[in-house]
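The values are calculated or read from the model by the stated rules, or taken from the named source; none is laboratory data. Small disclaimer: the values here were computed from a predicted structure and weren't measured. Every residue, glycine as well, gets a Cβ built from its backbone with ideal geometry; the counts of neighbours run over all protein chains shown. Surface areas here come from the heavy atoms of the whole protein model, side chains and all, with no ligands, DNA or RNA. Shrake-Rupley method; radii C 1.70, N 1.55, O 1.52, S 1.80 Å.
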Amino acid sequence: MIKKLQALPDKPSKDVLTGYAKRLDFLKGIVNTAKLNNPDERVAAVQMLSKTSNVNDTLGPNIATQIHQKTTARYNQELRAELFHTEKGSLDDGIRHRFPSASIQDEDLDALVKYNRNIQEKIAENMLSMTSSMKEHALAASAIIKRDISTLEKSEKLTNTNTGKLKTESLKLDEHTKSNWRCWVWLMIAFVLVVFFNMVLFMKIAKKKI
């Protein structure tokens, strides 16, 4: 639908299309997150997901924000339930039910702290990985730019050298052309003089015979 909008002659503005594209990416992220099997992965993925788009809703809170909040709450609840279920299954049957409520609350708090710590560690690992990747890309781009600059400098020097040689050869060719032209002029003058003197000599000889 976005591609069809972009192809229309009276298509919306660029900002509106950008907002639609961001909302679409957000919804794709929600769908892909729901396909994950591990609750830890779902929670980490939804935390990294973009929350809002640039287009604000005029009739109430942003729909994308509501979706993100509800999805985050649901995945957190699923992860907490799984953690509690695992802890219950690891203890002897019937002992867990005899714990006082204060102990249960303490264990719930410990599980929540552990969960938050795991999420923070995963986010930190993702950020470090992204930072390392960005650094590698920046170094590669810097090397490519330096190599291109060096190539351009060599090309400029070669161009200047060729231009100087071309000017020198052009001057030599011009001088050579002028020299040849002068030689032909002198030859023509000499030929005309020879013909003139021959004609005069012929006329004198013919006059004497007559």
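A few remarks follow.
- Residue in segment 23-34 that is closer than 30 Å to Asn76 by Cβ and touching an Asp or Glu at 6+ places or on another chain (Cβ under 9 Å) present: yes
- Looking across segment 1-31 at every residue that is of a type in the set (S, T, N, Q) and either without any contact (Cβ under 8 Å) to a residue 12 or more places away in the chain or open to solvent by 90 Å² or more (accessible area, probe 1.4 Å) (or both), the one that is farthest from Thr65 (Cα to Cα) is identified as Gln6.
- Under the condition of being under 30 Å from Val43 (Cβ atoms) and either modelled with pLDDT of 90 or more or out of contact with any helix residue (DSSP H, G or I) (no Cβ under 9 Å at 6 or more places or on another chain) (or both), the residues counted in segment 126-156 number 11.
Per-residue answers, yes or no, for (1) assigned to a helix (DSSP H, G or I); (2) modelled with pLDDT of 80 or more; (3) closer than 26 Å to Ala124 by Cα:
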{"residue": "Lys3", "(1), (2), (3)": "yes, yes, no"}
{"residue": "Asp10", "(1), (2), (3)": "no, yes, no"}
{"residue": "Leu17", "(1), (2), (3)": "yes, yes, no"}
{"residue": "Ile30", "(1), (2), (3)": "yes, yes, yes"}
{"residue": "Ser53", "(1), (2), (3)": "no, no, yes"}
{"residue": "Asp57", "(1), (2), (3)": "no, no, no"}
{"residue": "Pro61", "(1), (2), (3)": "no, no, no"}
{"residue": "Thr65", "(1), (2), (3)": "yes, no, yes"}
{"residue": "Lys70", "(1), (2), (3)": "yes, yes, yes"}
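- Residue that is farthest from Leu24 (Cα to Cα), among those in segment 70-83 that are surrounded by fewer than 13 Cβ atoms within 10 Å (Cβ to Cβ) and of a type outside the set (Gly, Ala, Ser): Gln77
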